[in-house]
Structures are given as structure tokens and as C-alpha cells.
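Chemist: Take this structure, written in C-alpha cells, and hold onto it; I'll ask about it next.
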Amino acid sequence: GIQVEQSPPDLILQEGANSTLRCNFSDSVNNLQWFHQNPWGQLINLFYIPSGTKQNGRLSATTVATERYSLLYISSSQTTDSGVYFCAVVSGTSYGKLTFGQGTILTVHP
Amino acid sequence: DARVTQTPRHKVTEMGQEVTMRCQPILGHNTVFWYRQTMMQGLELLAYFRNRAPLDDSGMPKDRFSAEMPDATLATLKIQPSEPRDSAVYFCASGIRDTQYFGPGTRLTVL
């Protein structure tokens, strides 16, 4: 099956800093989503982005499908951005089945 | 603000007992997914349904797990008998047009 690798595995920032999270995938995808799992365990949709660039406030994401990677940018980080960021993809004919990466653990210090 | 709901939020049980987890998908969504999250394995897909029909349950241990969708507003995941290795957070997600939305999860502890 498709492999999803995220980097870095851990990231520690001071409030106000910018960061870039990366997601590499091993095959062509029909769907790619970024999620944030907050410290209470809730998985929150950030972006549905199989290709192109999207922005939502301080967050933006870019997927280059031909090169099989996606980037999540966080600008002016806040302590509430802490948590785990997951990239998940749907490949081929998997009927919407998401395969998750292992996540990037982000800690933002005040 | 439509959301996926799951009950119970927490469940502690003893080995060998039956566990039933319930999920109410977002109205109008035609796909429902069950995932399990553990520290060791991360997020794994257990089963999913499209228009209430099971499409894939290859991620589930068939001898003890079962997933059903008796109607469009209810999905269930049952474990019988439960084992300590089943301890995890179980998420339900519903989706439409390739986007999935997750419920808050059920944290299961099997003693």
C-alpha cells in the first residue's frame, strides 16, 4: 500500500515563530488532508488539498502531486497550535480510505 | 454546526466483556469510517461503509470485531470478547466528496 512519511517527527518553537511541516507519499493520490490533533485528542480538519495551494488565516498548505509531497506552513505560531499534525492520503481506487502518516508533534512555548 | 458524535466518550471494562461503541455521522454524509489510534500503530482504518454498505473491513480482527450500520444515522463497532490489547482510542469519521470529519473518539481501556 501507499506509504506516507512526515517530517520532522518533533518540532519545538517559541511563540511567534514560523514553521514548515512536510508530507511525502509514495504513490499518486486522489485526496490529501491535513489534520490537527489537539491536546484533548480531537482531530480537526485543516485542509483538503490534493493539489495546489490553500490558505486559512495563519495556516497554508501546498501539494505538488507530481512530486508527491505536501507542505503545511504555520506562521506566527501560537501556543494553541501545539498538538500533532497529521497528513493523510487516499490513493488509487481505495474508495476514500485514508492512510495516515505518523504525525509531527508540535510544541509552541510562550 | 454539524458534527460527528460518538458514545461513550470513555469506557473501562474487564477482559472478556462485550464493548459497543456508537457513532452518529453528519447528516447527508454517505461514507462512515472507523479508525483506531494507539501510540505504537498510530491511526489505523478498521472498517468503512458507503451508503451503509460495508466496503472494507480488512483492518479488523474478524474473530472479535464487528461493524454495522443499521441505519443512516447510526454506526456501531462491537468487540466481543474484549482483550487488553484492544485498549485504544476509537474514532468514527463521516465523509462526503473525499473529505472526512472525525468524531471526538471513544477512549477504551480493557483491564
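The values are calculated or read from the model by the stated rules, or taken from the named source; none is laboratory data. It should be emphasised that the depicted structure is a prediction, and the values quoted were computed from it without experimental measurement. FYI the Cβ positions are ideal-geometry reconstructions off the backbone, even for glycines, and counts take in every protein chain you see. For the accessible areas, the whole protein counts, side chains as well, though only heavy atoms, and no ligand, DNA or RNA atoms are used. Shrake-Rupley method; radii C 1.70, N 1.55, O 1.52, S 1.80 Å.
Chemist: Tally up the residues in the range A:9-26 that are open to solvent by 70 Å² or more (accessible area, probe 1.4 Å) and part of a loop (DSSP other than H, G, I, E, B), please.
Modeler: 3
Chemist: Related question: Taking the range B:65-86, which residues are charged (D, E, K, R), under 18 Å from residue B:45 (Cβ atoms) and either surrounded by 15 or more Cβ atoms within 10 Å (Cβ to Cβ) or touching a residue at least 40 places away in the same chain (Cβ under 8 Å) (or both)?
Modeler: Of everything in the range B:65-86, those that are charged (D, E, K, R), under 18 Å from residue B:45 (Cβ atoms) and either surrounded by 15 or more Cβ atoms within 10 Å (Cβ to Cβ) or touching a residue at least 40 places away in the same chain (Cβ under 8 Å) (or both) turn out to be B:78, B:86.
Chemist: Out of the range B:1-17, which residues are of a type in the set (D, E, K, R), touching a strand residue (DSSP E or B) at 6+ places or on another chain (Cβ under 8 Å) and open to solvent by 100 Å² or more (accessible area, probe 1.4 Å)?
Modeler: Selection gives B:3, B:9, B:14.
Chemist: State which residue pairs qualify: first residue open to solvent by 10 Å² or more (accessible area, probe 1.4 Å) and inside the range B:87-101, second residue assigned to a loop (DSSP other than H, G, I, E, B) in any location, beta carbons under 7 Å apart, and separation of 6 or more residues or different chains.
Modeler: If the second residue must be assigned to a loop (DSSP other than H, G, I, E, B), the pairs left are B:89/A:41; B:89/B:105; B:96/B:28; B:96/B:29; B:96/B:30; B:98/A:96; B:101/B:4; B:101/B:26.
Chemist: Another question, then. Could you please find all residues in the range A:18-41 being more than 13 Å from residue A:80 (Cα to Cα) and more than 11 Å from the chain's Cα centre (by Cα)?
Modeler: Of everything in the range A:18-41, those that are more than 13 Å from residue A:80 (Cα to Cα) and more than 11 Å from the chain's Cα centre (by Cα) turn out to be A:18, A:19, A:25, A:26, A:27, A:28, A:29, A:30, A:31, A:41.
Chemist: Can you find a residue that is at pLDDT 95 or above and within 18 Å of residue A:37 (Cβ to Cβ) anywhere in the range B:60-70?
Modeler: No, every residue in the range B:60-70 fails to be at pLDDT 95 or above and within 18 Å of residue A:37 (Cβ to Cβ).
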